Every structure is written in C-alpha cells, then in structure tokens.
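> This structure is in structure tokens; I'll ask about it shortly.
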Amino acid sequence: MLAPNVVHLDPAPVVFEEMLRGWATQQRSRFLAEATVTQRLRLTRRLAEFSGLYPWQWTPAEGEAFIAHLRGGDRPLALSTARAYEVDLRMFCEYLLDARYGWASLCVDRFGMAPQQVFHQDNSVIHVEDYEGDPSRRPLTYDELQALFDAADGRAEQIRARGVKGALSALRDAAMLKLTYAFGLRRREVAMLDLVDVRSNPKAPQFGRCGMVMVRYGKASRGGPPRRRTVLLVPEMDWMVPVVKHWLHEVRPALGPGKHPALWVTERRGRVSTRLVNEAFVAAKKAAGLDPALDPHCLRHSYVTHLVEFDYPVKFVQDQVGHKFASTTAIYTGVSNEYRNQLLQRALQDRLGRMWEA
C-alpha cells in the first residue's frame, strides 16, 4: 500500500492511514457491506485517538482501557456491542500480524516495534448465553398491540380534526405498522417493499392481492447479498386485507406518488426510510402509553410468538421470518402463561383422559 522510494517527514500517520486503507480493501474484496467497513475503520480510529498511540504501539492494556472507558458514562456499552468491538479490533490486529501483508516487518524496520494482538481469550467478553440482546425487546401482548394500532389510527383522526397537514402520512404510518406485524418484517424489509412485492396467493384467493409479501431485502449473511423470502398471510391476520386495500386504493393515490414503485411513499413522493418506520412506531407507542423501552422489532417478536400460539409448526414460523436456524426463532418466542397452561391442560387430558376430566 505504501509507495516505494518515498520518504515521509512524519511516516507514522501515513503508515497508519495505509494500514486502514489496506484493511478496508481486504474487507471489500470479501463483499462486506460498506457500512460495516466504515464502522470498523471508525472504531479503529477511536482506539488510536483514545490511546494516543499507533497500532504498532498498542498493547492489551490499551484495548482493555478503551472498553472500560466505553462501559462508563450515561450510556454504557451493551455486552453484545462490547464483544463486537473486541472482535473487530482483534481482526484488525490479525490483519497487521498476517505475514502475507508485511505490516509487521515494515513496522519493525521503520519504528523498531511490531504490532501485537490487543484482545485475547483472557481479556475478551465471554459468550455464555445464547441471547444477550436488550431484555426490553419482547413480544407485545394482544392488548398492547390493539392499543398501539388504535393509537396509530387515532393520530390520523386527530390531525384531520385539527385541519392541518399530515393526516395522510399518519394513515400511512398506521397501515405500515400493521403490515410490519402481520408479516413479521424488519424495519428495512418493510421500508424497501415495492408495489409488486404485495401479491395474491393462488392457494388463498380469499385474501386478494394481500395473500403474500415478497421480501427482497432480507437480512444478509456477512459478505452475502440480501436474502429473499416469501411471507404468506395466515388466516389469523386476515384483518390486514382491508387495511392494504384502503392504502392502495384510497390513501396512497392521494399522496400523488406518480410512477414511484415504492409501496410506502412520503408526501414528497419518495420512499420511506427506516428512520421514518421507527418514528411511526415511537409516535404510536407514546400515544398508547406503552413501555418506552419497546422498539419496532418488538412487532417481529410478537409475530413469531403469536404464530407459535396459533399452533403453527416451528419450521413454518422459521421460514416465514427468514431465520437460518430454529434456535434463533426460539429466542424470539415468548408465549404467554395462558398459552402454556392450555398446552398443559391438553397434555393432561391426552395422558389421563376421562380421569382428568372427572
């Protein structure tokens, strides 16, 4: 990465920048997302700024002090985020230590010291649980869902009553949140839907055009393209059919989207963003008086949980939400005590028969 026969007055920052450029090139060659590459470079710069040292001067003490610093303050680092940071910095050090790239020998020649690994088994976060995410990300109860959707619908009515702009956007937000739950979608998946992605299901003609949703921007594996899947509308969610019809035939045309392909459009005739999906959920959540810790992903958790409570096979639920492993689907599931008691009663009746009924 360094030009030969060039002498720099201050070689240390130049070498550091070329290290980062080389690491970025390596990651891009693996087809990693640009956002991932940018975040890792930013993290590496943060450690350099925090320590006041260059990578060939880092020791495990600098890495430990950096993570300890991030754990403090008003917004302490989450456990899963700390592990991700340590993994990213460990990969950067592995890149520097790889003899195929020659950075270690270059550092010895120019600075008299070689890079070393700053995170190892004894100073890294240990993975002891299957799930270490935010415990507040939980399924909503049926009453909470109803309150959320009622509040979303109510916002449109309140705006219309005041005679100000925004009623159409509020109607869009209400329909968008309902579809997010009814098909168990992620924020980006729902924001990236096009009109052609909402389709009829030949096996369920009673649902009309709302029989299935084609997800083309599913969560990608590392270095891979977005995963695709088809999500079928289940009979328990058939209340979604009139919601989609109302949006497609009455509300969306009133926004004047022209030939824009997006399913969800803004008043400026553009595609909604994931941030807008989040803002729609927050506004409805506040209006409904729900737990402030809830986020839009709770709708996906609710979808998985409720399909399980509707007695759909786990494999069907797994395919609907696009999970690669059944263990991931299990993490999303948080069935109610009422459902578990029903299962218990059913099992007792099957086992004991009339003795239990008596």
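The values are calculated or read from the model by the stated rules, or taken from the named source; none is laboratory data. Just so it is clear, the structure is predicted and the values come from calculations on it, not from any experiment. With ideal geometry, Cβ positions are generated from the backbone for all residues, glycine too; neighbour counts draw on all protein chains shown. To get the accessible areas, we keep the full protein, side chains included, count just its heavy atoms, and leave off ligands, DNA and RNA. Shrake-Rupley method; radii C 1.70, N 1.55, O 1.52, S 1.80 Å.
> Quick one: which residues, 5+ away or cross-chain, put their amide H under 5 Å from the amide H of LEU53? H built at 1.01 Å from N.
Amide H neighbours of LEU53, under 5 Å, 5+ apart: none.
> Provide LYS245, LYS259, LYS178, LYS286 ordered by accessible surface of protein heavy atoms (probe 1.4 Å), highest first.
LYS259, LYS286, LYS245, LYS178
> Need one number: nm distance between label points at VAL314 and ARG229, each 7 Å from Cα along Cα→Cβ, rounded to one decimal.
1.5 nm
> I would also like to ask the following. Report, ordered by chain and residue number, the lysines lying within cross-link reach of LYS178, taken as a straight Cα distance under 17 Å and ignoring same-chain residues fewer than 8 apart.
In chain and number order, the partners are LYS245, LYS285, LYS286.
> Now a separate question. With an 8 Å cut-off on Cα pairs and a minimum separation of 6 or more residues, tell me the relative contact order of the range 35-127 in percent.
Once normalised by length, the contact order is 35 percent.
> Give me the one-decimal nm value for the distance between modelled label points at ARG46 and LEU195, 7 Å along each residue's Cα-to-Cβ direction.
Taking the two extended label points, one gets 4.3 nm.
> What does the accessible area per residue of the range 230-281 come to in Å², with a 1.4 Å probe and no ligands, DNA or RNA counted?
On a per-residue basis, the range 230-281 sits at 53 Å².
> By average Cβ neighbour count within 10 Å, what is the ranking of 167-177, 196-206, 87-97 from highest down?
Descending mean neighbour count gives 167-177, 87-97, 196-206.
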